[in-house]
Structure formats: structure tokens, C-alpha cells
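See structure below.
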Amino acid sequence: MVRVAVIDQDSCKPKRCNYQCISVCPINKSKKGVAIEADTKLRTKPVIYEDVCIGCGLCVKACPFDAIAIVNLPEELDEESVHRYTVNGFKLFRLPIPKPGEVVGVIGKNGVGKTTAIRILAGELMPNLGRVGEEVPEDEIIRHFRGSELQTYFQRLYGKGLRVAHKVQYIDLVPRYLKGTVGQLLLRADERGIAKELATEAGLDRIWDREITQLSGGELQKMVTVATLSKEADVYIFDEPSSYLDVRERVRIAKLIRSNVKPNKYFLVVEHDLAMLDYLSDNVHVLYGEPGVYGIVSQPYGVRVGINAFLDGYLPSENMRIRKTPIQFDKALEAETQEPTYKYLEWPQVRIDLGGFRLDVEPGYINGGEVISITGPNGIGKTTFIRFLAGDIEAEGGAAYSYRELRISYKPQYISPEYFPEGFSVVQYLGNINPDAITPGTWLYIELTEKLGLPRLFDRDLRELSGGEMQKVAIAGTLSREADLYLLDEPSAHLDVEERLAVGKIIKRLTENRKAAAFVAEHDVMMIAMISDKAMVFTGEPGVHGVAGAPSKIRDSMNRLLSTLDITMRREHESGRPRINKEGSYLDRAQKTKGVYFE
């Protein structure tokens, strides 16, 4: 049996707990060595010696900060250990297998090693095969993978036979290190002589002379993707290429990546948008495990089988259940036939003029217990409409009409440290909003706080969290409030698949149980299909003029949206999830002939 013991160094506070983990350990006085002791090299942080620890779990239960995790894994995994960061740090088992001429997708929770795995495959991180503190020679790493396709891959990688182009995850950091216009930077990166052509396909030609400091998140994402594809490389790695992009741009970038796949090139994509991953990939690896503790890379699956196995929560080749219950989309799509009997909020035809941008809103209403998704291109007025409903913006025709005074809970699109009160910890902030959000055993804690991984952040200062962590706390705070109307602007940003599904589930449950209503501005087609009763499609000219269509049934709305993109989607028979048809395929041509873009 392989025992993985992890101590979260940020959460562990030995001065406050007086080393309770040591006092409860049944073998801490063993002559052969203690299971847990204070290590002076780690500034008195406790260390668990896994070869001595018996895995009783007493220290896990005694720790008041939830800083300790001990997991027992099958013995055979010991030989497949690839990397460990520190003593009692995160441990990764196995790696995805790149295949020439194919796009290999990687899917899994945040914190289970996706970025670690692709950094190893990019040659940016040398794996230590689980031996902390050692520099493992390249030839030993190659021998470790003997008999597999990874042996040949690492031989070429370490023999300088492979050049790697890696699009990083956090593209918002790019302006800090690079200066110049879009055109200057793309021409500087261009090694294949195709930068201008790719930029035109990505829609960057109209901002060719714009400084990158003035780019939006979506424009930065497209620029970095084009720069990566412009490199003369053998391995192309894309870490979350859909972030900050709307539905239209996600499909455009997916087409751009697929059109550059060559028989002798390797492509790897890490992605949380399942529809995007499905469209891009030829096969997928599922990463599973305990976030921050350990991660295991599954065997490769065909893209349809792999994503369905991930949603089902059972990996057949591993004989491993990674989720207690499967995720089904059928009920979410059928919910559109169940029309509630009373209107909750109604708005007239109005115009909102922000000076350089004008939004025309068609009249509509939302019923009690309904969730309406808001979708359309970036810069088309989705955030403007949500702010109008929240009362932050006045329309020329007056405010929204409602039948009674509504309590509103609103999460804006971008979350900065200033969004939170100064001097508050996460647990104080959530506890002030709703004590159930921090009380173990309550449904709000189980379904929202715990699934977003917030308990480990409870003692952290709100304004010192990372961007992704602040986003999750803001979502939890918004949904924890007792409200009549929930307004969420891009809640899936920075969330992994499991977290997105948890947020979607809680939105549906809150609106149904509290007889409330919700508007959700969202780009993830899977999320829209899962949570929505109706949808509003925004059209027009981004940045200049937007038209907010009236709410309509999901099928009608998605059909209208996809027809403008010339994209067709179908429902997967097993899980009910939406799938994008490959352009020019039989199903794509058949649906377009019938005029059905969302089947």
C-alpha cells in the first residue's frame, strides 16, 4: 500500500495548535522513529514520515485547521510516481501520452496536477519520480518510461529533438512582461510566416496596431494562442485556451488549433469547457485524485467515451469511481417545458446609452423559480443588462418594472480585492452572510462551500487570495444570501468542471426551493444547457451597439445563436450533454439542411 500524507503549509499553524498532531499519534514515541515530528528545516512545521505512519487518521481528525490529509493508494502506483514537490507535498502519478497527429485533451479538477503534468511534458519541470530533494538524471527518467510511448517522447525531448510551444494558463500576466502592439509581438513570435494569416482568422486584424496593455482578456487570449501557433515547434501545448472567450470566439479558436494539426506534430490541450474539449480532442486523459494531495492520470480514452466516463464518475479501465453520482443533462433541457405560473420581474422595451455604447432591450419577464442564461459575443451588453437589473445603471425609459420590492444578490464579472471588506477572513465573510455557509452538515456547506474547496481557505485574508480563489468566494457569498433575484456575471470563470457543475446545481436548487429567480451571463454551452430554463441571445456590433433579445426556450435561443455562428450541436445519447459537430461532417450537413442548429 502506498501512503500519501500531505500537510497544507498555508493552513498549518503549529503555534496556535501546540502540535496536536504529534500528541495524538499512537507511534510518536517509537524507537524506530516518529510518524510526525517538528522539522526545524521547515521552520517547525510538522512532517509526516510516510514509511512509519500507520494511517490511523487520528492526526487528521485532531487538526483544528484541516491542514492534514492521509490517503492510502494501491501498491502498484508506487512504481508510477512521477513527481513530488516537497516532503508532504502534492504527488503526481503517471503522465498523459502525447500522440503525433492527434490532439490529446486533459480534463480534471483544479489542483490534481494538470499544469504539473504538461509542464513536465514541455520540459519546463524535471520530474523527480517522487524522490524529494533529488535531481533525477535524464537517462533514468527515460528508463522509468521504458516500453511506453513516453520513452520515445522523452528521448526526443531531452535529446533536443523536440521544440515546444506552450500557451500558459494565466494570460493576464502577459502585459507585465511584454510591451508593444499586437502586430509587433506577433511578428516577433512568427517563425512559420503565418502570423498575419492566423491573426486574420482569429479576428485580430482589426486591433493589429493596438497596444497589448489596452487589450481585453479575450483579445489577449487570442493573441497568445496565435503567437503559440506561429512558432516552429514539434509540440504545441494549450492550457485553458477558452478562458475569457465568448461562444463565438471559443469555436473560432478551436477551429484555428485543429486546422494546424499535422501528422508529425504533438498537440495537448487542458480545458474545462467540455464542449470545447470535445470539439478539439481526438482522445482524452482524465486526472483524478484529491486536490492539493495527489493526482493520477488515467489511461487514454476516445474523446466521447472519456468525457462520458468523467461525467458518469466511473473510469472503466481503472475500475475507479471518481464521483458518487453521475451527471445527467436530460432534465435540465426538458425543464423548458415546465412553465411557472407567475411573473417575478418584468421589464419594458428600453434603451441604455453609455456614451460610446448603446443597448436596446426587448421587453420580457422572468418567472419565479426560473433561471435565464444571457449569452452572446463579448462587448455586446450582457454585463450592462445585468447592471441595469441590479439598479446600477438607469435606462432612458426608467428602471425595470417589478411586482414587488425584490432582494437582489449580485456577483459582478470581475472580482478584485476591493470587492471584499478589508480585514476579513474567508470564514468571517461567509459567516456574516449566512452561518449555514460555514456550518458543516448543512446542505449549503455540503453543496456549495465544500465543493468549491473553500474550507481550506477559511483562515486566509480575503484580499490576499488569488484571482480564482476570490472568484469562488464571491460566488459562494452571492449564492449564500437570502434573495429573490440572483444576478451572476460569468460565474464559471476560473472554475474547473466539477466546480462549474456544483455552482450550476446550487443555482437551480436555490431558485426552485426559495421560489427565487436568476440571471446568469455565461459562455460555457454545457453550463447554459444544464442550468437554464430560458435564454436571452444578445446580437449586434460588439463595443458599439447591442440588442438584448427577449427570453425564449433554450432550444430556440441556442438555435438562433448557433445559426449566426454557422455551428451545429447535438445531444449525446448517454449523458444528454451538448456536443459540437465537426464542421462538414454528415451530422453537421444534415442539421444545417433541416435548419436545426441545436438538436
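The values are calculated or read from the model by the stated rules, or taken from the named source; none is laboratory data. This structure is a prediction, so every number in the text was calculated from the model and none was measured. Cβ coordinates were reconstructed from backbone atoms using ideal geometry, including for glycine residues, and neighbour counts include every protein chain displayed. SASA here: full protein model, heavy atoms, side chains in, ligands and nucleic acids out. Shrake-Rupley method; radii C 1.70, N 1.55, O 1.52, S 1.80 Å.
In straight-distance terms, cross-link reach from Lys553 covers every one of the lysines whose alpha-carbon lies under 23 Å from its own, apart from those fewer than eight places away in the same chain; here that gives Lys331, Lys343, Lys382, Lys505, Lys508, Lys515, Lys534, Lys592, Lys594.
Excluding same-chain neighbours fewer than eight residues apart, the lysines reachable from Lys196 by a Cα-Cα span under 22 Å are Lys167, Lys179, Lys222, Lys231, Lys255, Lys262, Lys265. For the chain, the Cβ-based charge dipole about the Cα centre amounts to some 680 debye (Lys, Arg positive; Asp, Glu negative; other atoms uncharged).
For segment 76-166, the set of chymotrypsin sites (Phe, Trp or Tyr not before Pro) satisfying both a DSSP loop assignment and a count of at most 15 other C-beta atoms within 10 Å is given as Tyr85. For Lys15, the lysines whose Cα falls under 17 Å of its own Cα, not counting residues fewer than eight places away in the same chain, are Lys41, Lys45. Shape verdict for segment 1-146, please, from the Cα gyration tensor: rounded (a/c under 1.5), prolate (a/b greater than b/c) or oblate. It comes out prolate by the Cα gyration axes.
Couplings 3J(HN,Hα) for segment 466-478, derived from phi with the Karplus relation 6.51 cos²θ - 1.76 cosθ + 1.60 (θ = phi - 60°), are 6, x, x, 5, 5, 4, 5, 5, 5, 5, 4, x, 5 Hz, where x marks Gly and Pro. In this structure, the amide hydrogen of Ser317, modeled 1.01 Å from its nitrogen in the peptide plane, lies closer than 5 angstrom to no residue at least 5 positions away or on a different chain.
Candidates Ser23, Ser243, Met527 compared by Cα position along the dipole of the chain: farthest toward the positive end lies Ser23, with charges placed on Cβ. Roughly how many Å is it from the Cα centre of segment 67-124 to that of segment 144-160, as a whole number? Spelled out, the Cα-based centre of one part sits 17 Å from the other.
DSSP assigns beta bridges within segment 452-562; of those with both partners inside it, close to 55 percent run antiparallel. Taking every protein chain into account, the accessible area of the chain amounts to 43 square angstrom per residue (probe 1.4 Å). Each Lys and Arg adds +1 at its Cβ and each Asp and Glu adds -1 at its Cβ; summed about the Cα centre, segment 37-133 shows a dipole of about 460 debye. With the charge dipole of the chain set up from +1 on Lys and Arg Cβ and -1 on Asp and Glu Cβ about the Cα centre, the Cα lying farthest toward the positive end among the listed residues Pro455, Ser552, Met1 is that of Met1. Share of carbon and sulfur in the accessible area of segment 369-480 stands at 48%, probe radius 1.4 Å. Each label point was placed 7 Å from the Cα along the Cα-to-Cβ direction; for Arg481 and Tyr177 their separation is 3.8 nm. Separation of segment 434-466 and segment 270-298, taken as the distance between their Cα centroids, equals 25 angstrom.
The listed peptides 288-295, 321-328, ordered by packing as a protection proxy, come out as 288-295, 321-328 (highest mean of other Cβ atoms within 10 Å first).
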